Amino acid sequence: MIYFDNSATTQISPEALTTYNTVSQKIWGNPSSLHNLGETAWNLLQQSRKQIADLFSVQPGEIVFTSGGSEGDNWVIKGTALAKQQFGKHIITSSVEHAAVRNSLHQLEDLGFDVTYLPVDGEGRVDPAAVQEAIRPDTIMVSIMAVNNEIGTVQPIKEIGKILNNYPRIHFMVDAVQAIGKGLDDVVFSDRVDFATFSGHKFHAPRGTGFVYKKNGRQLMPLVNGGGQEQGLRGGTENTPGDAAMAKAIRLMKEKETVTVQREREVKQRIMDHLKDFPHVKVFSKNDAGFAPHILCFAIVGVRGETVVHAFEDQGIYLSTTSACSSKKDTETSTLSAMKVPQNIAECAVRVSLGDQNTLAEAEQFNQTFDELYAGFKKILD
């Protein structure tokens, strides 16, 4: 089996799984309890928080544990709206955001908020000048993803941040779910970013784990009220084993990040070099600094994406049709549509997304399988 769907989810690492099992069995007290079992769990939770903060050169109090990226996106967007609505109800975002951001904003629109959806260029990238132009006196937030989950575009977060330095009261949120472990920390944690959201299952941590970076001094209203956990920002008994396992997974990821990024670029390039020779193939991703190293989106024009996915699956190779969150829904591909790719081409798009386990040998096997499948598809393309 070759697994090329790492942007959808990753397999939990053996080390993170061991941590999860050990903590579940041995440190199972409630971190809010006053007795020794609770204190032990509390100390481990804070140790995990500090480990994550140290790895990203932020303060432990700026790390808030969540259940994943969707919760983080919902919380930062709606929490900002609740906290700042007396100052305005205008939010700026891009036309290529993940569904967790997009649908959160649609919900706010139903409640009377005004959202500006910025266009993107032919590479799926927002123009910082468009952000500047869209800012109004009642703007309370800008939300732009770090890495596009469909084609891998890296957004100009630093450049947008420079613009927002002139508007210190506007919250700047970055959905960083696809950016972690990809050599992009200087983008995600640049000075002007106020919030960044992360999901554990994207980097070999257990599903149902995640965290939000919340810059000190920035105000958010909680969406989940409870017993005062997570500084009163996110109620509910903490997932101590999950958070400890996530901290372990992040540490392991960071230790080999440089090597992983280099290999992902090499694997991606090997496949791209092969695809360019086929007349019916359209490649939407690039492999330069403007694109993440792990995402490659392409189409065999004339063959629907789901057909390609199942054909590769039959050969033991797993990829997806753009975003896994929408791959089972009969909807337009949001990023490619925003890039003005014709729908008959966009519906043919598939996504290869790499991880630290993928190799050049797998790329060669993919290419060989592609040749065989393309020969079969060519009968209906010519």
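Listing for the model above:
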quantity	calculated
Between 0 and 90°, nearest 10: helix 99-110 axis offset from the chain longest Cα axis	60 degrees
Table column - 3J(HN,Hα) (Hz), segment 68-75, Karplus curve with 6.51, -1.76, 1.60, x for Gly and Pro	x, x, 5, 5, x, 4, 4, 5
Tensor-based shape of segment 243-382 (alpha-carbon gyration tensor, a/c under 1.5 rounded, otherwise prolate or oblate)	prolate
Where trypsin sites (Lys or Arg not before Pro) in DSSP loops with at most 13 other Cβ within 10 Å are excluded, longest remaining stretch of the chain	1-168
Cα gyration tensor shape of the chain, rounded if a/c is under 1.5, else prolate or oblate by comparing a/b with b/c	oblate
Length released on extending from Gln46 to Gln269, taking residue separation times 0.36 nm less the Cα-Cα span	76.2 nm
Pairs from Lys276/Lys378; Lys50/Lys182; Lys214/Lys254; Lys162/Lys282; Lys248/Lys286; Lys162/Lys248 whose Cα-Cα separation, in the structure shown, is over 23 Å	Lys162/Lys282; Lys248/Lys286; Lys162/Lys248
Proximal charge balance of Glu159 [Cβ under 12 Å; K/R count +1, D/E count -1]	+3
Percent RCO, i.e. relative contact order, over segment 88-202, from Cα pairs under 8 Å lying at least 6 residues apart	25 percent
For Asp5, distant residues with modelled amide H under 5 Å away	Ser353
Fluctuation leader among Glu238, Glu266, Glu364 - the chain, Gaussian network, Cα springs under 10 angstrom	Glu364
Distance from segment 270-305 to segment 121-194 (C-alpha centre basis), Å	25 Å
Cα-based shape type of segment 236-281, given that a ≥ b ≥ c are square roots of the gyration tensor eigenvalues and the cut on a/c is 1.5	oblate
Listed residues Glu255, Glu313, Glu362 arranged by accessible area, highest first, probe 1.4 Å	Glu255, Glu313, Glu362
Estimated FRET transfer efficiency when R0 is 56 angstrom, pair Glu15-Ala130 (beta carbons, to 0.05)	0.80
Within the chain, percent of DSSP bridges classed antiparallel, to nearest 5	55 percent
Degrees, to the nearest 10: 36-55 long Cα axis against longest axis of the chain	50 degrees
The chain: angle of helix 257-275 to the longest principal axis, Cα-based, in degrees nearest 10	20 degrees
Met141 long-range amide H proximity, modeled H, under 5 Å	Ile92, His171
Under 14 Å, Cβ to Cβ, from Leu275 - net charge with Lys/Arg +1 and Asp/Glu -1	+2
Average Cα contact separation per residue, the chain, under 8 Å, 6 or more apart, as relative contact order %	22 percent
Extension reserve of the Glu255-Glu313 stretch, reckoned as 0.36 nm per residue once the Cα distance is removed	17.7 nm
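The values are calculated or read from the model by the stated rules, or taken from the named source; none is laboratory data. Treat the numbers as computed from the prediction; the structure is a model and nothing was measured. We place every Cβ from the backbone using ideal geometry, glycine too, and count neighbours over all the protein chains shown. Side chains are part of the model used for accessible areas, which takes the heavy atoms of the whole protein and leaves out ligands, DNA and RNA. Shrake-Rupley method; radii C 1.70, N 1.55, O 1.52, S 1.80 Å.
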